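The values are calculated or read from the model by the stated rules, or taken from the named source; none is laboratory data. Computed from a predicted structure; not experimentally measured. FYI the Cβ positions are ideal-geometry reconstructions off the backbone, even for glycines, and counts take in every protein chain you see.
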Amino acid sequence: MRAMGRPPLYMQRTSLNLDPGDLARTAEIVGEKGISKFVRDAMREKLARLAPTPAETSGDIFEHDGGHEPRLSAAGTDALMSVIAKKGFDQVMASLGYTDHRAFLHMLLGHSELPNEVVTAVAQLVIHRRAGT
């Protein structure tokens, strides 16, 4: 096992206040020396979802995590948010067949898998937005 040395120069050291229970659970999964990388990866994943870069929003609108049904990617969330800004939250939610706000938000944030009919409806909304209609 390689010794843990100084972090690369482009990294900045910071201090985080973490719940001891969360820290213990994380250490059980990744080990004591893997906590820093785990936190960095989790932070990058959350940033990609909540504040994606232009490179992240120009890709496919769906992503697969190994399951059969796709989820909305960061690019998909960005595209759908543009549609929502234009048409309104409730109208887009209803047009996709959602009646539960919580389920719609989970879909929008990429936390839930999308049934085929929702995939088709999202793709149509995004294509119309990109076409400017």
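Filtered by the rule that a residue be loosely packed, with under 14 Cβ neighbours inside 10 Å and either more than 28 Å from LEU16 (Cβ to Cβ) or of a type in the set (S, T, N, Q) (or both), the range 60-80 gives ASP60, HIS64, GLY66, GLY67, HIS68. For the range 42-98, the candidate set comprises residues that are touching a residue at least 40 places away in the same chain (Cβ under 8 Å), in contact with a Ser or Thr (Cβ under 8 Å, 6 or more places away or on another chain) and not small (Gly, Ala, Ser); within that set, the residue that is nearest to PRO115 (Cα to Cα) is ARG71.
Quick one: is LEU114 touching a strand residue (DSSP E or B) at 6+ places or on another chain (Cβ under 9 Å), modelled with pLDDT of 85 or more and in a loop (DSSP other than H, G, I, E, B)?
Against the criterion (touching a strand residue (DSSP E or B) at 6+ places or on another chain (Cβ under 9 Å), modelled with pLDDT of 85 or more and in a loop (DSSP other than H, G, I, E, B)), LEU114 qualifies.
When you scan the range 82-105, how many residues do you find that are exposed (fewer than 14 other Cβ atoms within 10 Å of the Cβ) and closer than 17 Å to ALA51 by Cα? Residues in the range 82-105 being exposed (fewer than 14 other Cβ atoms within 10 Å of the Cβ) and closer than 17 Å to ALA51 by Cα: 1 in total.
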